[in-house]
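The values are calculated or read from the model by the stated rules, or taken from the named source; none is laboratory data. Computed from a predicted structure; not experimentally measured. Don't worry about glycine lacking a Cβ; one is built from the backbone with ideal geometry, like all the others, and counts go over all protein chains shown. Note: accessible area is taken over every heavy atom of the protein model, side chains too, but ligands, DNA and RNA are not part of it. Shrake-Rupley method; radii C 1.70, N 1.55, O 1.52, S 1.80 Å.
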Amino acid sequence: MGQKVNPYGFRLGITTDWKSRWFEERHYREFVVEDWKIRDYLMTQLEAAAVSRIEVERTRDRLRVDIHTARPGIVIGRRGSEADRLKKKLEEITGLQNRIQLNIQEIKQPELDAALIAQGICDQLVRRVAFRRAMKRAIQTVQKAGAQGIKVQCSGRLGGSEMSRKEQYREGRVPLHTLRADIDYGFREAKTTSGRVGVKVWIYKGDILPYKVSIEDKITREAAMAVGETSGQSGPRRLITAGGGRRKADFGAPGEPGDDAVVTNGLLHDDELLSELLLEEAAPVVEPEAAVTVADEVEDEATETPVADLLPVAPSEPDDLERQLAKDEEMERQSRHEHHETPHFRKESD
């Protein structure tokens with residue numbers, strides 16, 4: 001039997017960081033329950049805000065909450081009203097007055113976030129979209145965004161059937177046993193009329209090299225924690241994606257950065273620089289991601305893109321994928337209403 005291991009916990013401390021960063025000996029149990037209450041309240045209040053994950057960091061007397069979302073305008077609200085309301089509620093939950101720092105971080109590429117892709121599939125299942133169509137559309141979207149592999153699995157009463165089952169599709173490489181592989185994992189549940197349907201998504205983005213946190217980074221973070229400041233998220237990781245196969249038409253001619261180029265922190269390099277990048281000890285200098293603070297004013301919320309719209313719109317002319325999906329749905333509909341009788345074998349009498 002296969003042993004199913006969570007990709008996040010399997011790589012914890014190697015290529016992934018903790019979502020709760022604090023240390024406590026006496027009140028450990030209370031802090032764990034507090035973190036769960038914070039995440040449960042925020043996920044309940046921000047269902048339409050496309051929240052991917054929530055990180056909690058504690059120091060001696062301060063609490064920092066980072067909300068990673070694809071729609072920061074909904075989280076902040078007009079002139080920061082929604083963020084102030086969330087902050088006051090968090091102060092009531094934790095009992096820390098004026099000592100909570102709420103940061104809203106925008107996700108630049110929601111198409112490569114496994115949790116948001118799973119949430120988009122769940123929203124379609126609730127709207128009674130065929131599960132095969134939703135899964136294949138999600139795979140198509142992630143592949144167009146530049147992922148090297150994706151696996152999607154749905155389990156439950158799919159299509160309203162009486163007996164639950166599992167269906168999964170995979171495209172590209174998804175090396176779950178490779179520790180240096182950057183695999184994003186997301187799980188969401190769709191509350192359909194026939195019951196809950198679980199959706200799991202694995203997205204393989206490339207390899208992280210080196211996959212050990214540098215000593216200087218550790219010293220900097222420990223010094224920040226010692227003086228009572230929040231260290232925040234660790235520095236940018238080296239992401240190396242190895243391309244292969246035929247050159248796509250969207251990329252330039254040979255000699256220009258193309259499909260087989262090395263992507264390091266969003267910067268394209270030639271294949272000749274691969275050995276030099278691997279030998280460098282210091283991390284490359286890049287600008288940190290811009291964090292959206294609570295004080296930012298958002299006047300227009302209508303420009304935000306909902307998660308359900310991340311999947312591409314069906315083309316006007318039916319393509320091969322549409323015809324194949326329609327044929328699968330028609331075969332499933334016909335087989336659902338057919339009743340096959342068990343054949344009876346009787347011994348012929350002489």
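Of the conditions (1) charged (D, E, K, R); (2) in contact (Cβ under 8 Å) with a residue 40 or more places away in the chain; (3) open to solvent by 20 Å² or more (accessible area, probe 1.4 Å), Asp113 fails just one. Which one is it?
Evaluating Asp113 over (1) charged (D, E, K, R); (2) in contact (Cβ under 8 Å) with a residue 40 or more places away in the chain; (3) open to solvent by 20 Å² or more (accessible area, probe 1.4 Å) leaves (3) as the failure.
From Glu111, Glu55, grab the single residue that is in a helix (DSSP H, G or I), modelled with pLDDT of 90 or more and under 22 Å from Lys205 (Cα atoms). Working first, answer last.
Details: Glu55 fails: in a helix (DSSP H, G or I).
None of the others qualify; the one that does is Glu111.
Are any residues in the stretch 14-32 surrounded by 10 or more Cβ atoms within 10 Å (Cβ to Cβ) and either of a type in the set (A, V, I, L, M, F, W, C) or farther than 30 Å from Glu91 by Cβ (or both), and if so, which ones?
Ile14, Thr15, Trp18, Trp22, Phe31, Val32
Which ones in the stretch 188-211 are among the acidic types (Asp, Glu) and open to solvent by 50 Å² or more (accessible area, probe 1.4 Å)? Write out each step before concluding.
To start, the set of residues in the stretch 188-211 that are among the acidic types (Asp, Glu) comprises 189, 207.
Within the stretch 188-211, Glu189 is the sole residue that qualifies.
So is Val129 surrounded by 21 or more Cβ atoms within 10 Å (Cβ to Cβ) and either closer than 22 Å to Val199 by Cβ or touching a His at 6+ places or on another chain (Cβ under 6 Å) (or both) or not? Don't jump to the end; show me each part of the working.
Details: surrounded by 21 or more Cβ atoms within 10 Å (Cβ to Cβ): no; either closer than 22 Å to Val199 by Cβ or touching a His at 6+ places or on another chain (Cβ under 6 Å) (or both): yes.
Answer is no for this residue.
Kindly establish whether Arg165 is modelled with pLDDT of 90 or more, open to solvent by less than 100 Å² (accessible area, probe 1.4 Å) and not hydrophobic (A, V, I, L, M, F, W, C).
On the way: modelled with pLDDT of 90 or more: yes; open to solvent by less than 100 Å² (accessible area, probe 1.4 Å): yes; not hydrophobic (A, V, I, L, M, F, W, C): yes.
Yes.
Any residue in the stretch 7-34 that's without any contact (Cβ under 8 Å) to a residue 60 or more places away in the chain: show its pairings with residues that are open to solvent by less than 60 Å² (accessible area, probe 1.4 Å) and in a loop (DSSP other than H, G, I, E, B) at Cβ separation under 7 Å, as long as the two are six or more apart or on different chains.
So the pair list comes out as Phe31/Trp22; Phe31/Glu24.
Any residue at all in the stretch 46-62 that is open to solvent by 30 Å² or more (accessible area, probe 1.4 Å), farther than 24 Å from Asp123 by Cα, in contact with an Asp or Glu (Cβ under 6 Å, 6 or more places away or on another chain) and touching a residue at least 24 places away in the same chain (Cβ under 8 Å)?
There is no residue in the stretch 46-62 that is open to solvent by 30 Å² or more (accessible area, probe 1.4 Å), farther than 24 Å from Asp123 by Cα, in contact with an Asp or Glu (Cβ under 6 Å, 6 or more places away or on another chain) and touching a residue at least 24 places away in the same chain (Cβ under 8 Å).
Exactly one of these conditions fails for Ile93: (1) in contact (Cβ under 8 Å) with a residue 60 or more places away in the chain; (2) surrounded by fewer than 19 Cβ atoms within 10 Å (Cβ to Cβ). Give me its number.
With (1) in contact (Cβ under 8 Å) with a residue 60 or more places away in the chain; (2) surrounded by fewer than 19 Cβ atoms within 10 Å (Cβ to Cβ) applied to Ile93, the lone miss is (1).
Can you find even one residue in the stretch 74-90 that is surrounded by 12 or more Cβ atoms within 10 Å (Cβ to Cβ), among the hydrophobic types (A, V, I, L, M, F, W, C) and either in a loop (DSSP other than H, G, I, E, B) or touching a Pro at 6+ places or on another chain (Cβ under 8 Å) (or both)?
No, the conditions are met nowhere in the stretch 74-90.
Scan (1) open to solvent by less than 30 Å² (accessible area, probe 1.4 Å); (2) in a strand (DSSP E or B) for the single condition Tyr185 breaks and write down its number.
The single condition Tyr185 does not satisfy is (1).
If you take the residues in the stretch 141-180 that are in contact (Cβ under 8 Å) with a residue 60 or more places away in the chain, within 20 Å of the chain's Cα centre (by Cα) and not in a loop (DSSP other than H, G, I, E, B), which one is farthest from Glu329 (Cα to Cα)?
In this case the residue turns out to be Lys144.
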